[in-house]
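One structure below.
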């Protein structure tokens with residue numbers, strides 16, 4: 001179905017949103033007031049001993065970066081705001097200088113004619129919040145809502161799409177698998193954190209709507225399908241079902257029905273503010289996962305010959321279609337808010353984009369309410385525990401000089417955006433024969 005040689009062109013709707021995404025911590029540099037900064041200072045936590053440090057210098061160079069995005073025909077941009085910059089010491093103590101900085105950032109995007117997707121929580125939290133137990137603590141959602149309310153008050157005239165959390169289920173990596181802060185391996189605490197994030201979404205959405213009644217508020221999910229490695233193995237299937245609930249379904253259930261249910265911690269309630277609390281869904285997709293109940297983390301190793309990225313992830317565009325279809329069934333508009341590949345081979349990036357855009361086009365042909373595609377990411381950046389090794393960007397960053405270099409894959413995507421279609425001729429111009437099927 002996804003061969004590059006059996007089609008002529010795929011077209012996208014008028015007013016389709018195109019762009020790229022970034023997170024504040026990964027690109028800005030100079031963030032020292034959150035739990036991720038402290039985590040990096042511990043030896044052995046980040047590959048090669050990397051530290052985010054100044055990263056891409058985007059905090060100072062945002063206008064240059066937005067000029068590049070505009071030149072690449074992007075009509076939208078997804079970015080984050082760093083909570084620990086606005087509230088470095090306490091929930092009600094705001095830094096007015098940082099508030100003004102982000103207003104200038106958002107105005108710069110508007111001056112370039114771009115719609116804005118704003119992420120309010122993208123993994124990082126102020127140290128004072130994390131040290132209290134993050135969202136495992138009762139009432140944590142109230143502190144989160146104070147920050148969100150101030151953002152809505154200050155920037156409500158500039159933001160087109162509000163994102164309460166980016167990939168809230170990534171809590172598992174820190175609370176269950178112990179690879180991100182706070183380095184816990186506790187299933188009960190994981191459930192408390194997930195329940196707290198659901199309540200945080202409800203509180204944040206209410207805070208935004210109070211300030212901006214017609215605000216479009218969504219949740220961005222990292223969608224993966226969990227498949228048992230041994231199809232008829234009871235434990236593999238049981239683990240797959242458990243991971244699917246914790247990673248995907250508890251949020252789908254919570255945000256649609258309002259029910260927060262984690263029997264392990266005695267949590268089972270319906271939060272009225274949570275019922276039907278997404279105006280749209282963001283779908284991030286990178287990989288599906290096979291489950292091996294005998295593995296310490298429950299995740300199966302990749303097989304010889306499988307296509308893998310710098311992150312060690314397999315890539316299968318068919319899984320992308322299933323992810324889109326799963327969320328389209330919820331009856332809300334879908335935006336593809338992240339999709340990208342970590343690779344040093346830019347031809348591989350062209351192929352990745354072309355294959356996944358064919359999937360997006362197939363979803364549109366099926367009548368699914370898909371309204372935009374944002375590549376991850378605009379810039380090479382600090383990739384959390386993997387440091388600076390993975391290269392996801394459309395734009396290469398020289399981390400010594402901070403020089404920006406536009407990659408051919410960015411030109412490929414720009415041509416698709418400009419024409420609102422992708423043709424086999426475009427692919428042939430950017431992709432050598434050896435990279436095609």
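Each row is one residue, and each column tells you yes or no for (1) crowded, with 24+ Cβ neighbours inside 10 Å; (2) within 15 Å of residue 216 (Cα to Cα).
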{"residue": "119", "(1), (2)": "yes, yes"}
{"residue": "132", "(1), (2)": "no, no"}
{"residue": "148", "(1), (2)": "yes, yes"}
{"residue": "153", "(1), (2)": "no, yes"}
{"residue": "164", "(1), (2)": "yes, yes"}
{"residue": "169", "(1), (2)": "no, no"}
{"residue": "175", "(1), (2)": "yes, no"}
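If we only count strands (runs of 3 or more DSSP E) wholly inside segment 147-235, which ones have 3 or more residues that are closer than 19 Å to residue 253 by Cβ?
Numbers: elements: 161-166, 217-222, 226-228.
The qualifying strands (runs of 3 or more DSSP E) are 217-222.
Residue-wise test of (1) without any contact (Cβ under 8 Å) to a residue 40 or more places away in the chain; (2) on the phi > 0 side of the Ramachandran plot; (3) under 22 Å from the mean Cα position of the chain (by Cα).
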{"residue": "286", "(1), (2), (3)": "no, no, yes"}
{"residue": "293", "(1), (2), (3)": "no, no, no"}
{"residue": "305", "(1), (2), (3)": "yes, yes, no"}
{"residue": "325", "(1), (2), (3)": "no, no, yes"}
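Looking at residue 107 and the list (1) crowded, with 16+ Cβ neighbours inside 10 Å; (2) at pLDDT 95 or above; (3) not in a strand (DSSP E or B), which single condition is not satisfied?
Residue 107 satisfies all of (1) crowded, with 16+ Cβ neighbours inside 10 Å; (2) at pLDDT 95 or above; (3) not in a strand (DSSP E or B) except (1).
Can you find a residue that is assigned to a helix (DSSP H, G or I) and buried (at least 20 other Cβ atoms within 10 Å of the Cβ) anywhere in segment 379-398? Lay out the reasoning, then the answer.
At the first step, the residues of segment 379-398 found to be assigned to a helix (DSSP H, G or I) are 384-386.
So of that shortlist, the ones also buried (at least 20 other Cβ atoms within 10 Å of the Cβ) come out as 384.
Yes - at least one qualifying residue is present in segment 379-398.
On the basis of being closer than 22 Å to residue 128 by Cα and either out of contact with any strand residue (DSSP E or B) (no Cβ under 6 Å at 6 or more places or on another chain) or modelled with pLDDT of 95 or more (or both), does residue 66 make the cut?
Working: closer than 22 Å to residue 128 by Cα: no; either out of contact with any strand residue (DSSP E or B) (no Cβ under 6 Å at 6 or more places or on another chain) or modelled with pLDDT of 95 or more (or both): yes.
For residue 66, the condition - closer than 22 Å to residue 128 by Cα and either out of contact with any strand residue (DSSP E or B) (no Cβ under 6 Å at 6 or more places or on another chain) or modelled with pLDDT of 95 or more (or both) - is not met.
From 204, 215, grab the single residue that is buried (at least 23 other Cβ atoms within 10 Å of the Cβ), in contact (Cβ under 8 Å) with a residue 12 or more places away in the chain and either farther than 30 Å from residue 298 by Cα or touching a strand residue (DSSP E or B) at 6+ places or on another chain (Cβ under 8 Å) (or both).
204
Quick one: in segment 234-270, of everything that is touching a residue at least 60 places away in the same chain (Cβ under 8 Å) and surrounded by fewer than 18 Cβ atoms within 10 Å (Cβ to Cβ), which residue is nearest to residue 294 (Cα to Cα)?
By that ranking, first place goes to 264.
Filter segment 365-378 down to the residues that are part of a loop (DSSP other than H, G, I, E, B) and within 22 Å of the chain's Cα centre (by Cα) and list them by number.
Taking segment 365-378 first, the residues part of a loop (DSSP other than H, G, I, E, B) are 366-369, 377-378.
Within segment 365-378, 368, 369, 377, 378 qualify.
As an exercise: evaluate residue 130 against (1) part of a helix (DSSP H, G or I); (2) more than 23 Å from the chain's Cα centre (by Cα) and give the number of the one condition it does not meet.
For residue 130, the failing item is (2).
Condition check: surrounded by fewer than 19 Cβ atoms within 10 Å (Cβ to Cβ) and under 23 Å from residue 393 (Cα atoms). Does residue 331 satisfy that? Lay out the reasoning, then the answer.
On the way: surrounded by fewer than 19 Cβ atoms within 10 Å (Cβ to Cβ): yes; under 23 Å from residue 393 (Cα atoms): no.
When the stated conditions are applied, residue 331 does not pass them.
Just need a number here: residues in segment 102-152 that are farther than 27 Å from residue 265 by Cβ and touching a residue at least 12 places away in the same chain (Cβ under 8 Å). Outline the logic, then answer.
As a first pass, look at segment 102-152 and keep what is farther than 27 Å from residue 265 by Cβ: 102-119, 149-152.
Among the residues that remain, those that are also touching a residue at least 12 places away in the same chain (Cβ under 8 Å) are: 102-103, 105-110, 112-119, 149-152.
Of the residues in segment 102-152, 20 are farther than 27 Å from residue 265 by Cβ and touching a residue at least 12 places away in the same chain (Cβ under 8 Å).
The values are calculated or read from the model by the stated rules, or taken from the named source; none is laboratory data. All figures in this text were calculated on a predicted structure; none of them were measured in a lab. Every residue, glycine as well, gets a Cβ built from its backbone with ideal geometry; the counts of neighbours run over all protein chains shown.
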